[in-house]
Amino acid sequence: MTQITATADVLQELATGLKKVKNKGERVIFEEDGHPVAALIPMEDLELLERLIREEEDRIDNQKVDEALKEPGFVTLEELRAKLGI
């Protein structure tokens, strides 16, 4: 993984980073004051990252639903309709 320092010549460094991503599929990290602040990654990596984020969000949502179903007094929509006679 390449690391690039964010400097006044950031456009040249950005162009260099883009070439590394495009031509070699490298991941490039931009640093400022020795700290990573941004990254350039191949589109395939971004697509994978977005898919993993969606899957994790779905897992968390499902976990919350499972927890809610276990709460005392939880009533399904069908049970509520039956109670209300609708």
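Kindly provide the set of residues from the range 68-86 that are in a helix (DSSP H, G or I) and either exposed (fewer than 10 other Cβ atoms within 10 Å of the Cβ) or in contact with a strand residue (DSSP E or B) (Cβ under 8 Å, 6 or more places away or on another chain) (or both), ordered by number. Walk me through it before giving the result.
Start the filter on the range 68-86 by keeping residues that are in a helix (DSSP H, G or I), which leaves 68-69, 77-84.
Those that are in a helix (DSSP H, G or I) and either exposed (fewer than 10 other Cβ atoms within 10 Å of the Cβ) or in contact with a strand residue (DSSP E or B) (Cβ under 8 Å, 6 or more places away or on another chain) (or both): ALA68, LEU69, LEU77, GLU78, LYS83, LEU84.
Screening the range 1-15 for residues that are in a helix (DSSP H, G or I) and surrounded by 13 or more Cβ atoms within 10 Å (Cβ to Cβ) and picking the one that is modelled with the highest pLDDT gives LEU14. Has the range 35-58 got at least one residue that is in a loop (DSSP other than H, G, I, E, B) and either over 19 Å from the mean Cα position of the chain (by Cα) or basic (Lys, Arg) (or both)? Taking every residue of the range 35-58 in turn, none turns out to be in a loop (DSSP other than H, G, I, E, B) and either over 19 Å from the mean Cα position of the chain (by Cα) or basic (Lys, Arg) (or both). Among the residues of the range 16-57, the ones that are in contact with a Phe, Trp or Tyr (Cβ under 8 Å, 6 or more places away or on another chain) and loosely packed, with under 14 Cβ neighbours inside 10 Å come to 3 in all.
The values are calculated or read from the model by the stated rules, or taken from the named source; none is laboratory data. Note that the structure is predicted; figures quoted are calculated from it, not measured. Here the Cβ is made from the backbone with ideal geometry for all residues, glycine too, and neighbour counts use every protein chain on show.
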